[in-house]
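The values are calculated or read from the model by the stated rules, or taken from the named source; none is laboratory data. Everything numeric here is computed off the predicted structure, so don't read it as measured data. Because the Cβ atoms are built from the backbone with ideal geometry, glycine has one as well, and the counts that use them run over all protein chains shown. Heavy atoms of the whole protein, side chains included, go into the accessibility calculation; ligands, DNA and RNA do not. Shrake-Rupley method; radii C 1.70, N 1.55, O 1.52, S 1.80 Å.
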Amino acid sequence: MIKKHPLLKHLREEILPTVFCQGCGGGTVLNVYAHAIEELKINPADIVSVTGIGCSSWIPSPYYKADTLHVLHGRAIAFATGVKIMKPKMKVIVIAGDGDIGAIGGNHLIHAARRNIDLSVFLINNSIYGMTGGQVAPSTPQGVPTITTPYGNPEPNFDFAQLAVAAGASYAARWTTYHVFNLLKSMKKAIQTEGFSFVEIVSQCPVSYGKFVEKRTATAFLKSYKENAIHLNKATSMNKEDLKDRIIIGEFVDLKREEYTSALRRINEKRLQELEFERKGC
Ligand SMILES: Cc1ncc(C[n+]2csc(CCOP(=O)(O)OP(=O)(O)O)c2C)c(N)n1
Ligand code: SF4
Ligand SMILES: [Mg+2]
């Protein structure tokens, strides 16, 4: 008898195999995510996954077996905020693409980090709009030609991890699909953080980026992540020129400050006490 993989229970087995293209980083992220939930011994019934539209959105919906909100492109964090306020005990986890969270949804990202609402946000950064065929994204490196920037992208790209730090995240890290063990540790830490946590996952899209934009196989992507990644501790003593084309990996922030829904509860309780005081006429 063929033994079933123990992590298959985390997936909607009836719709496997996934629709990810061969070599897509989405499968690796799904694998690491299932390991994180398993190792943390979290009951998937206590998770609400929220996502928008894009290939990366398939990781939580439909493949990961938990209650899921698959919402409008760019609005995952906004819906997740509503879920967290109404269901503060649930683990609310947002997994979506760089276009979804960092372009159309960028405003929700910075304000959720500023509020320090207890969400875990995993942004899959494949440097492109993968699902729609390779349009430029705010994460596409400057100079790279895409379908919508055939003469080279004129815009500098966002540093999402640093953006989350500047906006007020309690935890922020960046890894790649090559650094799976570091990624696993960070995902677990993010899920356990009481406050806004953010993990940027640099991932390969061998089809929309690798084929149309810059010819590169999945293996070549992983090799480049291995060779070009540099740990934050080392990067801080290097100059801008030496850091060109390097991927800075590591944990950018890990701190504790008051979480948004706790602050709301604190204010509500105080107001209720005042009303009670007024009602008694004292
Ligand atoms: C409001 C809205 N605008 C645009 C689209 C079209 N659209 C669907 S997915 C997508 C981009 C996906 O890119 P990303 O979020 O990076 O995910 P990926 O496919 O790369 O994983 C776009 C522009 C849409 N569905 N809704
Ligand atoms: S188009 Fe790119 S991101 Fe989408 S499934 Fe294929 S390889 Fe993955
Ligand atoms: Mg993308």
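List the pairs whose first member sits in segment 53-81 and is at positive phi, whose second member is open to solvent by 20 Å² or more (accessible area, probe 1.4 Å) and modelled with pLDDT of 95 or more, and whose Cβ atoms are under 6 Å apart, counting only residues at least 6 apart or on separate chains?
Gly54/Met131; Gly74/Ile104
Working carefully through the options Glu214, Glu200, find the one that is of a type outside the set (Gly, Ala, Ser) and surrounded by fewer than 22 Cβ atoms within 10 Å (Cβ to Cβ).
Answer to the selection: Glu214.
Please list, ordered by first then second residue, the pairs with beta carbon atoms under 7 Å, 6 or more apart or interchain, first in segment 208-226 and of a type in the set (Lys, Arg), second open to solvent by less than 60 Å² (accessible area, probe 1.4 Å).
Arg216/Pro206; Arg216/Gly210
If Glu258 passes every condition in (1) open to solvent by 80 Å² or more (accessible area, probe 1.4 Å); (2) of a type outside the set (Ser, Thr, Tyr); (3) more than 24 Å from Ala113 (Cα to Cα) but one, which one does it miss?
Among (1) open to solvent by 80 Å² or more (accessible area, probe 1.4 Å); (2) of a type outside the set (Ser, Thr, Tyr); (3) more than 24 Å from Ala113 (Cα to Cα), the lone unmet condition for Glu258 is (3).
What residue, of Ile104, Ile128, Ile110, is within 9 Å of ligand 1 (Cβ to nearest atom), touching a residue at least 24 places away in the same chain (Cβ under 8 Å) and in contact with a helix residue (DSSP H, G or I) (Cβ under 9 Å, 6 or more places away or on another chain)? Before the answer, list the steps.
Numbers: Ile104 fails: in contact with a helix residue (DSSP H, G or I) (Cβ under 9 Å, 6 or more places away or on another chain); Ile110 fails: within 9 Å of ligand 1 (Cβ to nearest atom).
Sole residue among the options that is within 9 Å of ligand 1 (Cβ to nearest atom), touching a residue at least 24 places away in the same chain (Cβ under 8 Å) and in contact with a helix residue (DSSP H, G or I) (Cβ under 9 Å, 6 or more places away or on another chain): Ile128.
When you check Tyr151 against the structure, is it touching a helix residue (DSSP H, G or I) at 6+ places or on another chain (Cβ under 7 Å), part of a loop (DSSP other than H, G, I, E, B) and away from ligand 2 (no atom under 15 Å from the Cβ), yes or no?
When the stated conditions are applied, Tyr151 does not pass them.
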